[in-house]
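A.B. asks: Pasting in a structure now, in structure tokens, and then I'll have a few things to ask.
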Amino acid sequence: MNSLARSRAVVLAALAAVVLVGCRGAVTVSVTGDGTTGGTVSVEVELDEELLEALGGPEAIVLDDVGDSGWSLGEPEATTGGGLRLVAAHDYADAGELQVLLDSIAGPGVFSEVRASAEESFAAQRSELGLQVTVNGELGQFSDAALTELLGGLPLGYTPEELAFMGADRPDAATMVVEVSVPGGEVDSAELTLTSGEEQSASLSSVGEDSGTTAWVLVGAAALLALGAVVLGLVSFRS
């Protein structure tokens with residue numbers, strides 16, 4: 001199995017799929033730019049106490065392979081309601097790497113038109129991050145042949161009867177929140193229902209400008225010019 005399929009199986013199946021069949025948790029995909037063309041993608045899954053028990057308790061959540069796929073996994077964090085919060089993160093260098101990482105989370109076609117740019121001028125530094133997210137309202141969209149094979153021939157690791165028993169066939173059974181942000185820009189986000197049976201799409205973007213560093217450079221340059229003028233004046237005077 002290729003590394004993309006393995007990464008996708010680890011991140012989606014181990015972190016997200018458990019929520020997609022429960023409706024008692026939340027999945028958030030956050031893309032945070034660092035002011036250049038790079039940044040970090042993180043996937044956060046929150047399971048409430050009831051869903052956690054249904055899955056066999058905290059000891060049943062085995063995510064040892066996450067690190068092997070290049071993702072870093074934070075320590076599972078207990079929530080106030082007796083549940084569990086899991087977060088996996090991965091850095092990216094440019095829009096191409098970001099697209100690959102997003103495909104590893106949700107599969108090709110869910111995230112598209114990914115762009116990440118950074119421009120530096122004399123007065124400011126400007127960065128932009130954007131993407132398109134589209135879901136068709138069916139959980140099967142998040143699987144493919146390789147992942148289905150890894151999950152025992154079942155697209156999400158469960159039979160249709162098991163999915164129905166766990167409530168995954170309800171229109172509001174699962175949602176995904178997607179967020180994008182860059183330094184100096186506002187967070188743009190969208191919440192999409194993954195089991196509505198209808199296509200949903202959102203175009204997200206965040207643009208930020210940082211003039212602080214450039215301003216200090218300009219002040220420093222002005223100070224040097226002023227000092228140079230004084231020195232030249234003294235030299236002329238003494239001459």
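The values are calculated or read from the model by the stated rules, or taken from the named source; none is laboratory data. This one's a predicted model, so the numbers in the text were calculated from it and none came from an experiment. A quick note on method: Cβ atoms are made from the backbone with ideal geometry, for glycine too, and the neighbour counts reach across all protein chains shown.
A.B. asks: Go through region 80-95 and give me each residue that's within 18 Å of Gly130 (Cα to Cα), touching a strand residue (DSSP E or B) at 6+ places or on another chain (Cβ under 7 Å) and outside any strand (DSSP E or B).
C.D. replies: Asp94, Ala95
A.B. asks: Ala116 - would you say it is modelled with pLDDT under 70 and of a type in the set (A, V, I, L, M)?
C.D. replies: Here the answer is no, as Ala116 does not meet what is asked.
A.B. asks: Taking only region 98-119 into account, find how many residues are under 25 Å from Asp210 (Cα atoms) and touching a residue at least 12 places away in the same chain (Cβ under 8 Å).
C.D. replies: Adding up the residues that qualify gives 7.
A.B. asks: Looking only at residues that are in a strand (DSSP E or B) and among the polar types (S, T, N, Q) in region 96-121, which one is nearest to Asn136 (Cα to Cα)?
C.D. replies: Ser112
A.B. asks: Ala93 passes all but one of (1) out of contact with any Leu (no Cβ under 8 Å at 6 or more places or on another chain); (2) modelled with pLDDT under 90; which number fails?
C.D. replies: Of everything listed in (1) out of contact with any Leu (no Cβ under 8 Å at 6 or more places or on another chain); (2) modelled with pLDDT under 90, Ala93 misses just condition (2).
A.B. asks: Would you mind listing the strands (runs of 3 or more DSSP E) fully within region 134-239 where at least 3 residues are more than 23 Å from Val45 (Cα to Cα) and at pLDDT 65 or above?
C.D. replies: Of the strands (runs of 3 or more DSSP E) lying wholly inside region 134-239, those with at least 3 residues that are more than 23 Å from Val45 (Cα to Cα) and at pLDDT 65 or above span 200-210.
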